[in-house]
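Read-outs throughout are calculated quantities, based only on the coordinates presented, and are distinct from any laboratory measurement. Computed from a prediction, not measured in an experiment: that's the story for all the values here. When we count neighbours, we look across all protein chains shown, and the Cβ atoms used for this are built from the backbone with ideal geometry, even at glycine.
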Amino acid sequence: MGLFTAKSLRASTIVATLAAVAVLGFVFAGDVLARDTGAFAYSGRVVHVVDGDTVDVALKSSKRVRVRVIGIDTPEVGTCYAAAATTRMIQLVSSKNVVLHGDATQATRDRYSRLLAYVDVGRRDAGATLVREGYARVYIYGGRPFLRTAAYQKAEEGARQARRGLWATCAASGTTAGGTTASGRACDPSYPDFCIPPPPPDLDCKDIARKGFKVLPPDPHRFDGDHDGIGCES
């Protein structure tokens, strides 16, 4: 083999090696796989629960990531059952070691740059638990079913039929988990714990399934008769 040919082969080998390293660096840098695939698994500890479907996780590499849980949607802050969903997520995952599993059918991140993943605590799927117990609904983004869709939908159907959680509480006043009434009316901000539409009609405590909920001025339905900030005290 001539000297020129040998040098060329060595140069080609070096270039190929550098290219491979660069690719690996892109794939694994920051503990996040390439953006066009959701196939990953990372271990970490939940350091903060933002709300029922969003948590902050410190990965083993010490990098902190915000995670949007795949496959579920919990009520927005200030709407029916939002506080309950957040509290339940805290119970399930706060300060616990978790495994974040991506889904090959989904993107790696959403438009807010949050990592999209299932949050598994041991053998328990936190998202599926929220759906099963009535704290969340199944959420399919962009019409692209996720790998656990069938199991999640079965869990939601069970919660609906048993009228667990939001399926009982939010439906009691004709509301949905999204913060509006069935007719599209907004929830009144005087009642932040769950969704109650503003008058008319004027509702009484007998019309509301929940008791002892938080009331803020001006309290248009006059649920807080003694003005102590608690409505429909039993």
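Could you give the length gained on full extension between residue 140 and residue 124, defined as 0.36 nm per residue of separation minus the Cα-Cα distance, in nm? Provide the component values of the computation, followed by the final result.
Details: separation 16, 0.36 × 16 = 5.76 nm, distance 2.06 nm.
3.7 nm is the gain from fully extending residue 140 to residue 124.
How much length would be gained if the chain were fully extended between residue 76 and residue 164, taking 0.36 nm per residue of separation minus their Cα-Cα distance, in nm to one decimal?
Working: separation 88, 0.36 × 88 = 31.68 nm, distance 1.83 nm.
Answer, rounded to one decimal: 29.8 nm.
Hey, which lysines would be in cross-link range of residue 214, C-alpha to C-alpha under 27 Å, not counting anything within fewer than 8 residues on its own chain?
Here the lysines satisfying the reach criterion relative to residue 214 are 206.
Residue-wise, which Karplus ³J(HN,Hα) couplings in Hz belong to region 72-86, taking 6.51 cos²θ - 1.76 cosθ + 1.60, θ = phi - 60°, and x for glycine or proline?
Ordered by residue, 3J(HN,Hα) equals 9, 9, 9, x, 5, 3, x, 10, 3, 6, 5, 4, 5, 5, 5 Hz.
Hey, what does the equivalent ellipsoid look like for region 107-147, semi-axes from the Cα gyration tensor as sqrt of 5 times each eigenvalue, largest first, whole Å?
Details: eigenvalues 76, 38, 18 Å².
Taking √(5λ) for each eigenvalue gives 19, 14, 9 Å, largest first.
Just the number, please: percent antiparallel of the DSSP beta bridges in region 52-173, rounded to the nearest 5. Write out the running numbers ahead of the final one.
On the way: 13 of 16 bridges.
For region 52-173, the DSSP antiparallel bridge percentage is about 80.
Express in nm, to one decimal, how much length is gained between residue 226 and residue 110 on full extension, taking 0.36 nm for each residue of separation and deducting their alpha carbon distance. Don't jump to the answer; show the numbers that get you there.
Numbers: separation 116, 0.36 × 116 = 41.76 nm, distance 4.62 nm.
37.1 nm is the gain from fully extending residue 226 to residue 110.
Cross-link partners among aspartates and glutamates for residue 60, C-alpha distance below 12 Å, same-chain residues fewer than 8 apart left out?
31
If we sort 198-208, 48-58 on the protection proxy, mean other Cβ atoms within 10 Å, highest first, what's the order? Please report the intermediate quantities before stating the final value.
Details: 198-208: 12.5, 48-58: 19.8.
Descending mean neighbour count gives 48-58, 198-208.
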